[in-house]
């Protein structure tokens, strides 16, 4: 069997489609891009060997039309489909349809997607494998009264979560019974509208927490390989802004247990291909609990590639075709890497700010990598996520990587579009981030400090 697919259809858009195409081109794999007409000018469309326009009621529905995409794949000779992240990446029905059509699905099995895509079921599965979780294993609360009873058992504060939620959506924190009853009903209603399932559950809320995730690759023979961990604690509205690998100031014993737990979680569902197991680490006690497993490639995978000298997309393609990694696969962790998510959004309130890009100049130099879906003359539309580019900095140590990240941000030039780059510059200069002693409250604390300083400046002006 060939080590790689002959022809790959990329069922995605923008930055991740372009990144997948880049690896496929290096490997001599023919690529097919599918695109909504609104994206026709984006680089990924031009860089694929062949591009096919999608027909959809809306741009988002175009990329979610699995039947249309699969038909295009078969008619145009694709032998494999890579879904990237988002859209159909964690759609078990689409994964199953691809394999039933005789094509290689570049991702885990439909069964693993179903198991890990439901937070209640995934918690039950990993708990049986000995992985720490918060709250009752596999329990979903069916009423506000049940949620309150569970909160009394595990102690406030608690977080209400949608079982089918993801991407920071479907979460609410409660500090007492009254707040919990409201959060429960609101979250259940939102979950039914957004995810088609109103199942929610309650877990202990860790106020001072770090969000640490472990990258794994599963082979068909059952072996699970870890590629170290990433710290993703710098978030706004539970969505990541900055990631780094390895996680700074992480106790080696905790790191070892995190990796062991990630391997156990993946093994519990017979996981094959690339995935990420996410945990919350209590900064006070060092205890950690399973958060979720993402059954796809992550947005932040470049920093793991930089610190391990591997191409995760290449390994995904190899596993999808042969069941195992490439013969030369020999990851070895080295150095430190930081990823900055450049988004088209208001740098103060983080509201999306779509628009045209008039000037676009990427930073360059030693240790700098930029993954972007846009160039000058293209436009970030209101239809999709606001991610413009991922600026990554690598160095032999964290200090070097951090200085390179700061330099890269200063060199980045985007005109005609409002981005969050100014806020990222502020974050990198904070004492907490500089020392590596931060948690998921860093963004909120930084915003509060900015508001305080702005208020003092105004008072000084009035007094002058």
Just wondering, is there one or more residues in the stretch 154-175 that are assigned to a helix (DSSP H, G or I) and at negative phi? yes
Filtered residues of the stretch 80-92 (kept if crowded, with 23+ Cβ neighbours inside 10 Å and either assigned to a loop (DSSP other than H, G, I, E, B) or outside the structural domain of residue 26 (by TED's automatic domain parsing) (or both)): 83, 84, 88
Just checking, does the stretch 200-217 include any residue being outside any strand (DSSP E or B) and at pLDDT 90 or above? no
Pairs returned, first residue in the stretch 130-156 that is under 15 Å from residue 205 (Cβ atoms), second residue that is assigned to a loop (DSSP other than H, G, I, E, B) and modelled with pLDDT of 90 or more, beta-carbon separation under 6 angstrom, 6 or more apart or interchain, are 156/175
Residues (out of contact with any strand residue (DSSP E or B) (no Cβ under 6 Å at 6 or more places or on another chain) and part of a helix (DSSP H, G or I)) located in the stretch 14-29: 14, 16, 18, 22, 23, 25, 26, 27
Kindly indicate the residue of the stretch 330-348 that is within 24 Å of residue 227 (Cβ to Cβ) and out of contact with any strand residue (DSSP E or B) (no Cβ under 8 Å at 6 or more places or on another chain) and also surrounded by the fewest Cβ atoms within 10 Å (Cβ to Cβ) among those meeting that condition. 332
Evaluate the following for residue 213: is it buried (at least 20 other Cβ atoms within 10 Å of the Cβ), without any contact (Cβ under 8 Å) to a residue 40 or more places away in the chain and closer than 30 Å to residue 324 by Cβ? no
Report, by residue number, each residue of the stretch 234-249 that is at pLDDT 95 or above and out of contact with any strand residue (DSSP E or B) (no Cβ under 7 Å at 6 or more places or on another chain). 249
Check 387, 402 and return the single one that is within 11 Å of residue 342 (Cβ to Cβ) and assigned by TED's automatic domain parsing to the domain that holds residue 360. 387
Among the residues of the stretch 93-113, which ones are crowded, with 19+ Cβ neighbours inside 10 Å and not in a loop (DSSP other than H, G, I, E, B)? 94, 95, 97, 98, 104, 105, 110, 112, 113
Take residue 234 and tell me if it is more than 22 Å from the chain's Cα centre (by Cα) and in the same structural domain as residue 252 (by TED's automatic domain parsing). no
Across the stretch 313-350, what is the number of residues that are on the phi > 0 side of the Ramachandran plot and modelled with pLDDT under 95? 1
Scan the stretch 176-193 and give yes if some residue there is within 17 Å of residue 280 (Cα to Cα), in contact with a strand residue (DSSP E or B) (Cβ under 9 Å, 6 or more places away or on another chain) and either free of Cβ contacts under 8 Å to residues at least 24 places away in the same chain or part of a loop (DSSP other than H, G, I, E, B) (or both), otherwise no. no
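The values are calculated or read from the model by the stated rules, or taken from the named source; none is laboratory data. Nothing here was measured: the structure is a model prediction, and the numbers come from that model. Please note: Cβ atoms are built from the backbone with ideal geometry, for glycine as well, and neighbour counts cover all protein chains shown.
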